[in-house]
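**Q** Below is the structure I would like to discuss, written out as structure tokens.
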Amino acid sequence: MERREKLRAALVEAAERTIAAKGLGALKSRDLAQRIGIANGAVFNLVADMDELVLRVGSRTLARLDAALTAAEGKAHASPVETLVRIAVAYCDFAAANLDLWRALFEHRMAPDKAVPQWAVEEQMNLFRHIYRPLAELFPTWTADELAITARSLFASVHGMVSIGLEQKLIAVPVDALRAEIATIVRAMVSGLAEPRRDAASPSPKARH
């Protein structure tokens, strides 16, 4: 059992190095087997399939991202708004420094007949606490559902900026400029959220005249 666990750890580490160096598309079971000194078929005695292997690499990436966001939160006391800015910028920095491993989190697709296992879902959802907590401080009267939806919306906005900004084509944005833009957008979004809410179905004051 101990040998199997060591081999599985070596397999996951080899897969991680491959993705970091060449991207998710370069991951091949035969190459990994050769790298850790086992037969090709033995790979699937260590993990159920390539989906599980990619998810286990992703688990390591998420753990490091979690640590980076926690470090960003804890540098010094900050307002909830500045905490949101810090974690958004930290997310950008992590993506830039771990580009292919970060991309693999979103590029990977499970086989059509398979769902993402619950342990992997829980690891992903756990990261939203970094956004949820400062939002809860800013908007103490909001419901849990409102906070959760807003946390996801903020993440989607920042993720979209990072994803497009780091695209290695003509639209690529220098990381320093991207960090500044992300900080500006997060502050603007939170400022907008703080404005009094109006029922979308009700007419505006102008429409009543």
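The values are calculated or read from the model by the stated rules, or taken from the named source; none is laboratory data. All of these numbers come straight from a predicted model, not from anything done at the bench. So basically every Cβ, Gly included, is an ideal-geometry build from the backbone, and we count neighbours across all protein chains shown. Areas reflect the complete protein model, heavy atoms only, side chains present, ligands, DNA and RNA absent. Shrake-Rupley method; radii C 1.70, N 1.55, O 1.52, S 1.80 Å.
**Q** Starting from the stretch 102-124, keep only residues that are closer than 11 Å to D51 by Cβ, then list their pairs with residues that are buried (at least 16 other Cβ atoms within 10 Å of the Cβ) and β-branched (V, I, T) whose Cβ atoms are within a distance under 7 Å, requiring at least 6 positions of separation or different chains.
**A** Pairs that qualify, where the first residue is closer than 11 Å to D51 by Cβ and the partner is buried (at least 16 other Cβ atoms within 10 Å of the Cβ) and β-branched (V, I, T), are H108/V54.
**Q** List the pairs whose first member sits in the stretch 69-87 and is at negative phi, whose second member is open to solvent by 50 Å² or more (accessible area, probe 1.4 Å) and modelled with pLDDT of 95 or more, and whose Cβ atoms are under 6 Å apart, counting only residues at least 6 apart or on separate chains?
**A** What qualifies is A72/R86; P80/E137; P80/L138.
**Q** Tell me which residues, restricted to the stretch 22-41, are within 20 Å of R109 (Cα to Cα), surrounded by fewer than 16 Cβ atoms within 10 Å (Cβ to Cβ) and of a type outside the set (D, E, K, R).
**A** G23, G25, A26
**Q** Please determine whether any residue of the stretch 106-118 is part of a helix (DSSP H, G or I), in contact with a helix residue (DSSP H, G or I) (Cβ under 9 Å, 6 or more places away or on another chain) and within 23 Å of P174 (Cβ to Cβ). Don't jump to the end; show me each part of the working.
**A** Going residue by residue through the stretch 106-118, those that are part of a helix (DSSP H, G or I) are 106-107, 118.
From the residues that got through so far, the ones that are in contact with a helix residue (DSSP H, G or I) (Cβ under 9 Å, 6 or more places away or on another chain) too are 106-107.
Retained after the next criterion (residues that are within 23 Å of P174 (Cβ to Cβ)): 106.
There is at least one residue in the stretch 106-118 that is part of a helix (DSSP H, G or I), in contact with a helix residue (DSSP H, G or I) (Cβ under 9 Å, 6 or more places away or on another chain) and within 23 Å of P174 (Cβ to Cβ).
**Q** If R60 satisfies all but one of (1) modelled with pLDDT of 95 or more; (2) open to solvent by 20 Å² or more (accessible area, probe 1.4 Å); (3) in contact with a Lys or Arg (Cβ under 8 Å, 6 or more places away or on another chain), what's the number of the condition it fails?
**A** For R60, the failing item is (3).
**Q** Another question, then. Just for the stretch 75-84: of the residues that are over 22 Å from Q124 (Cβ atoms) and not aliphatic (A, V, I, L, M), which one is most open to solvent (accessible area, probe 1.4 Å)?
**A** Residues of the stretch 75-84 over 22 Å from Q124 (Cβ atoms): 75-82.
Keeping just the survivors that are not aliphatic (A, V, I, L, M) gives 75, 77, 79-80, 82.
Working: K75: 162, H77: 179, S79: 55, P80: 29, E82: 63 Å².
Among those residues, the one meeting the criterion is H77.
**Q** Can you tell me which residues in the stretch 122-161 are within 12 Å of the chain's Cα centre (by Cα) and farther than 21 Å from P80 by Cβ?
**A** E123, Q124, G160
**Q** Do you know which of the residues in the stretch 162-174 that are open to solvent by less than 80 Å² (accessible area, probe 1.4 Å) and within 15 Å of the chain's Cα centre (by Cα) is nearest to A90 (Cα to Cα)? Reasoning before the result, please.
**A** The first filter runs over the stretch 162-174 and keeps only residues open to solvent by less than 80 Å² (accessible area, probe 1.4 Å), leaving 162-163, 165-167, 172-173.
With within 15 Å of the chain's Cα centre (by Cα) added as a condition, the list becomes 162-163, 166.
Numbers: V162: 11, S163: 14, L166: 14 Å.
Going through the qualifying residues, I end up with V162.
**Q** If you don't mind, another one. Quick check on this structure: which one of A21, A33, A9 is touching a Gly at 6+ places or on another chain (Cβ under 9 Å) and not charged (D, E, K, R)?
**A** Working: A21 fails: touching a Gly at 6+ places or on another chain (Cβ under 9 Å); A9 fails: touching a Gly at 6+ places or on another chain (Cβ under 9 Å).
The match here is A33.
**Q** Are any of the residues in the stretch 129-137 among the aliphatic types (A, V, I, L, M), open to solvent by 60 Å² or more (accessible area, probe 1.4 Å), out of contact with any strand residue (DSSP E or B) (no Cβ under 9 Å at 6 or more places or on another chain) and assigned to a helix (DSSP H, G or I)? Can you show your working first?
**A** Let us first name the residues in the stretch 129-137 that are among the aliphatic types (A, V, I, L, M), namely 131, 135-136.
Narrowing further to those that are open to solvent by 60 Å² or more (accessible area, probe 1.4 Å): none.
No, the stretch 129-137 contains no residue that is among the aliphatic types (A, V, I, L, M), open to solvent by 60 Å² or more (accessible area, probe 1.4 Å), out of contact with any strand residue (DSSP E or B) (no Cβ under 9 Å at 6 or more places or on another chain) and assigned to a helix (DSSP H, G or I).
**Q** Hey, another quick one. Take the stretch 85-108 and flag every residue that is under 12 Å from the mean Cα position of the chain (by Cα) and surrounded by 20 or more Cβ atoms within 10 Å (Cβ to Cβ).
**A** I87, A88, A90, Y91, C92, F94, A95, L101, W102, A104
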